[in-house]
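The structure appears below as structure tokens.
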Amino acid sequence: MRRGLRVVALLLLLCVVAGGVVYCFPLQLADQMVRFHLWRAGVQSRYVQAGGYRMHFFEAKPSGGAEGTPLLLVHGLGARGEDWAPMIPALTAKGFHVYAPDLLGYGRSAHPDTSYSISMEEAAIVQFMQSVHLKRADVGGWSMGGWVTLKLALDHPEMVDRLVVYDSAGLYFPATFSPDLFMPTDVAEVRRLAATLTPKPLDMPGFVARAALRKLEGNAWVIRRSMTAMTNGYDLLDFRLNNMQRPVLIVWGAQDALIPLSVGETMHRDIPDSVLNVMEGCGHLAPAVCWKPVVRSTVDFLRAEPPMQGGEKTFPAEQ
């Protein structure tokens, strides 16, 4: 009887401890779950020296020992390689050898005291590709990462085969938000950011919102520098896109409240022979929230022979 009571007491204690961990460190726990999912899928977490800085990246090859088609994925503002987690295993299953680095200042890469301009992050990607001996690859970029990869394809077309951009920055548009949106100072502002990024934000318990606030406050300095560099106009691509030499797919969430679909449509008009795929029911987080149709459209474009030229397609919202 006493032994049974001790076992029950121990189980209750473990439940209390586990609940305390979830309550105090919800985002860290979620990170570990994502990394475990990637590890189970054969995705490796690695580091490389690039341009004098240590950069973290995920690498995943197709099963069966095949080398696969190189595909480089570049995340957006305030993000990291883990944000591609839903797409990486699906892309490797289609025969791609995926590289997903953390940009400088983000994730587990180095955080140097520098400008964090688009040009600087583009240079970091060039140095990363050189460090992993990636002379040429298909390239994908999301949001700010789309801006970086568009500039890469314009400045170094010899390094890019085909380009896919997802809800990409890089063109001037009259923003409906303040740069402070990305640097919330209270829980209400965290929820406002979430509502801007996706049309159907998950209900966020208070303890999760407070954990997100602490994390965003810790990253605020690099986000502030990135935003300052992006809004000074120096790296805008408005008058360069017509010089694009590589095949380009533009993927956009139809309900993107951060960078509206009209920006994607302008990009589509400016880039010769570009393809525009619109994801209904999706916002700015289409590669994460609507990853299945996003993967399908990405693979179809990257595998098409001859390369797709022009056209628009709308993908219905997933039920």
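The table below lists the values:
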| quantity | calculated |
| --- | --- |
| His156, His133, ranked by accessible area, largest first (probe 1.4 Å) | His133, His156 |
| Helical mean residue ellipticity (222 nm; -39500 (n - 2.57) per DSSP H run of 4+; nearest 500) of the chain | -13500 deg cm²/dmol |
| Environment charge of Phe173, counting only residues whose C-beta is closer than 12 Å and scoring Lys/Arg +1, Asp/Glu -1 | -3 |
| Pairwise FRET efficiency - Glu312 versus Arg224, Cβ, R0 = 30 Å, nearest 0.05 | 0.25 |
| Region 170-319, relative contact order [Cα under 8 Å, separation at least 6], % | 23 |
| Neighbourhood net charge (9 Å Cβ-Cβ; Lys/Arg +1, Asp/Glu -1) for Trp142 | -2 |
| Greater than 18 Å apart at Cα, pairs in Lys94/Lys292; Lys151/Lys292; Lys94/Lys135 | Lys151/Lys292; Lys94/Lys135 |
| At q = 0.10, 0.11, 0.15, 0.17 Å⁻¹, base-10 log of I(q)/I(0) for region 71-227 (Debye sum, equal scatterers on each alpha carbon) | -0.39, -0.47, -0.85, -1.07 |
| Rounded to 5, the percent of DSSP beta bridges in the chain classed as antiparallel | 30 |
| For region 101-146, alpha-carbon Rg over 2.2 N^0.38 Å | 1.14 |
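The values are calculated or read from the model by the stated rules, or taken from the named source; none is laboratory data. Please read all numbers here as calculations on a predicted model, not as lab measurements. Every residue, glycine as well, gets a Cβ built from its backbone with ideal geometry; the counts of neighbours run over all protein chains shown. The accessibility values were calculated without ligands, DNA or RNA, using every heavy atom of the protein model including side chains. Shrake-Rupley method; radii C 1.70, N 1.55, O 1.52, S 1.80 Å.
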